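Asks: Structure below; questions to follow.
The values are calculated or read from the model by the stated rules, or taken from the named source; none is laboratory data. This is a predicted model, so every value here is computed, not measured. Glycine also receives a Cβ, built like all others from the backbone with ideal geometry; neighbour counts cover every protein chain displayed. Ligands, DNA and RNA are excluded from the accessible area calculation, which covers all protein heavy atoms including side chains. Shrake-Rupley method; radii C 1.70, N 1.55, O 1.52, S 1.80 Å.
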Amino acid sequence: MRAVARRPTKHLLAAQLSAIVITILGTLALSSGRLCRGSSNGRANGGGSALPAPTAASAQAALQLQPQKTNPPLVSPGCEAPALGLRSRRWAPLSLSACSPTMPTHWAPCLVGGRNDPALAQAEELIYPDFSIPEPGFALEEHAAWWRSQVAAQQAQRAQQAQQEHERPQFVLRGGRALYLGQHGQALLLRNVAFDSAELTAAAGQGGCMERGASHRSFAPLPPGVSPQWGRALLAGSAGPHGTGGSGNSSRLEHFLSHTVKLLVQAEGWRQQQGTHIVAPEGGGEAPSRLLTDVWAQLLQAGGKQQVLSSEGRGSAAELVFPCRCPRVHPFFPERLLELLDAPEPEPLGQRKTVLYVSEGAGAGAGDAQMVANEAAVLAAMRGALQERGRGEELAVFNAAEPPRLAELLRFMSSTVAAVVGPSGSALLGATWFAPPDALVLELMPTDRFSTRVWEEGSLSGRRMFVLPAKPAGDGLEAPPALVARIVREQLGVPPPEGEPQLEYDWDLGQLL
């Protein structure tokens, strides 16, 4: 068993310094265009003072940097700075919304006014902080070797198929850590256009909106004299062929967490307008769960402005926000989602006594569902391990086919859950997103269906992630009960290292203090 050591204090200080540097840069960026990030409210999960708003003089000075281009006036304000909390503000992207002579021409602000983009009225280039996460923990060293070999094979395959559906970003494994470097996003506002999100899927691949090939130029300007259907609309996904889900299928929680929520968070400042239509197509007529319905209800009130959810993937708008060029994996997204959901602060780790086992259950309905063939033996082994510990801990079973309401789930997770255990798949992914940031997560992974999704997403808030390979059994897996019990017995209640995830920078941040 690999021992988990606490991160040296200098890394935490370095992370704090880097966060301060990014905040200063974000403030300076206000003088070069509208910043749609960085203000703060006074809630318990936020706090701090708000950054200053851009002035008309500073915006005019920024536009003078590019006299060859004049941005068309907007029908309404482009975006408003969302009130970020302390945890998400550390990871907020730097926003650039004015083109300068030294800016690369493919960055969003420099596209405005170009002959290929007559409908593009305003654009924002978002530079996300580089970061790294630790490899997962393992029960045996041979499991670690297997995991690293699978990552290498997966990375090689994705390098050959850059347009592959649900493509994940290319991270670099170095010294037991995965580095995510150079991630950018874009938010574009187009005026008076007709759109059909299925065209994105047809042009870019099954993943649609968030694929590398997705283009805002697939939407046609409205003919003269034709009035748009809506005032402002925001594209938060795309429909697949024949009514199937593309990216951001709004009816499934796993698609929502993997795609839609990232588009909504990246474009949060652009949707804070009363009556904005959020275009998030459903797949195959499937109704969303009551948990996801609750999540939508909470998110459709960004900035106190009520938005409207539209499951139709086509229409026309006076202003269409296109946020599809968006990173897949970054700490900013889960941190901001929990702030928007008003998730309560978790109780101290030592006071939370529940190990939550996530059972896919019959009828879970997810395409990547993993049934544990020997589930009864695994549960018995975990109960035995908890009894051996003698600390009053208990095992609870979460049936993915019957999810609770959002408020109930958030209260339960924050007040009682110390660990989450379950087979790879959408149910474990959903439970991991809502688990406390210091929780232990044990993923039971069949050796014939390797994935880094749960490990990546779970690590973004600092959780202690463990992976246990399991032999395939039919459509699911057969987990080794003794090793499951061993990990629970030895790792439950161990606090995660401080300062995770870590900010990455070319220079030693510790020497800059």
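Asks: Through the Karplus equation 6.51 cos²θ - 1.76 cosθ + 1.60, θ set to phi - 60°, convert the phi angles of the stretch 292-298 into ³J(HN,Hα) values in whole Hz; use x for Gly and Pro.
Replies: 5, 4, 5, 4, 4, 4, 6
Asks: How much FRET efficiency would the formula 1/(1 + (r/R0)^6) give for ARG391 and GLU141, where r is the Cβ-Cβ distance and R0 is 30 Å, rounded to 0.05?
Replies: On the way: r = 28 Å, r/R0 = 0.94.
Computed FRET efficiency for ARG391 and GLU141: 0.60.
Asks: If we sort 217-228, 127-138 on the protection proxy, mean other Cβ atoms within 10 Å, highest first, what's the order? Spell out each step's value before the answer.
Replies: On the way: 217-228: 12.6, 127-138: 21.2.
Those peptides, ordered most packed to least, come out 127-138, 217-228.
Asks: Further, regarding this structure: Straight-line reach from LYS471: which aspartates and glutamates have a Cα under 15 Å away, not including same-chain ones fewer than 8 places off?
Replies: GLU142, GLU375, GLU443, ASP448
Asks: Could you give the length gained on full extension between ASP117 and VAL172, defined as 0.36 nm per residue of separation minus the Cα-Cα distance, in nm? Please list the in-between numbers first.
Replies: Numbers: separation 55, 0.36 × 55 = 19.80 nm, distance 3.50 nm.
Answer, rounded to one decimal: 16.3 nm.
Asks: Points 7 angstrom from Cα along the Cβ direction at ASP448 and ALA152: gap in nanometres?
Replies: 2.4 nm
Asks: Could you order peptides 260-272, 481-493, 146-158, 101-113 by the average number of other Cβ atoms within 10 Å of their residues, highest first?
Replies: Working: 260-272: 26.0, 481-493: 19.0, 146-158: 13.7, 101-113: 15.6.
So the peptides 260-272, 481-493, 146-158, 101-113, ranked by packing, come out 260-272, 481-493, 101-113, 146-158.
Asks: Summarise the accessible area of the stretch 109-152 (1.4 Å probe, protein heavy atoms) by the percent that is carbon and sulfur.
Replies: Values: 760 of 1540 Å².
In the stretch 109-152, the share of accessible area belonging to carbon and sulfur is 50 percent.
Asks: Rounded to the nearest 0.05, what FRET efficiency do LYS471 and VAL226 give with R0 = 51 Å and r taken as the Cβ-Cβ distance? Could you check? Please list the in-between numbers first.
Replies: On the way: r = 60 Å, r/R0 = 1.18.
About 0.25, to the nearest 0.05.
Asks: Using the basic label-point model (7 angstrom from Cα toward the beta carbon), what is the GLU490 to ARG212 distance in nanometres?
Replies: Label-label distance for GLU490 and ARG212, simple model: 4.0 nm.
Asks: Can you give the three extents of the C-alpha atoms in the stretch 273-424 along their principal axes, from longest to shortest, in whole Å?
Replies: So the extents along the principal axes, rounded to whole Å, are 64, 34, 27.
Asks: Using a 1.4 angstrom probe, figure out how much accessible area the stretch 382-477 has per residue, in square angstrom, rounded to the nearest whole. The partial results should precede the final answer.
Replies: On the way: 3050 Å² over 96 residues.
In whole numbers, the stretch 382-477 has 32 Å² accessible per residue.
Asks: Return the distance in nm (one decimal) between the two label points of a simple spin-label model at ARG405 and ALA377, each offset 7 Å from Cα along Cα→Cβ.
Replies: 4.1 nm
Asks: So for each of 406-417, 463-474, 433-444 I average, over its residues, the number of other beta carbons within 10 Å; can you give me the resulting order with the highest mean first? Walk me through the intermediate numbers first.
Replies: Numbers: 406-417: 17.7, 463-474: 20.3, 433-444: 24.2.
Packing order, densest peptide first, comes out as 433-444, 463-474, 406-417.
Asks: Would you work out what percent of the accessible area of the stretch 437-507, with all protein chains in place, is carbon or sulfur (probe 1.4 Å)?
Replies: Values: 1130 of 2350 Å².
Answer for the stretch 437-507 is 48 percent, counting heavy atoms of protein chains only.
Asks: Each residue of the stretch 385-394 in turn: what ³J(HN,Hα) in whole Hz from Karplus with 6.51, -1.76, 1.60 and θ = phi - 60°, glycine and Pro shown as x?
Replies: 5, 5, 5, 4, 5, x, 10, x, 7, 9
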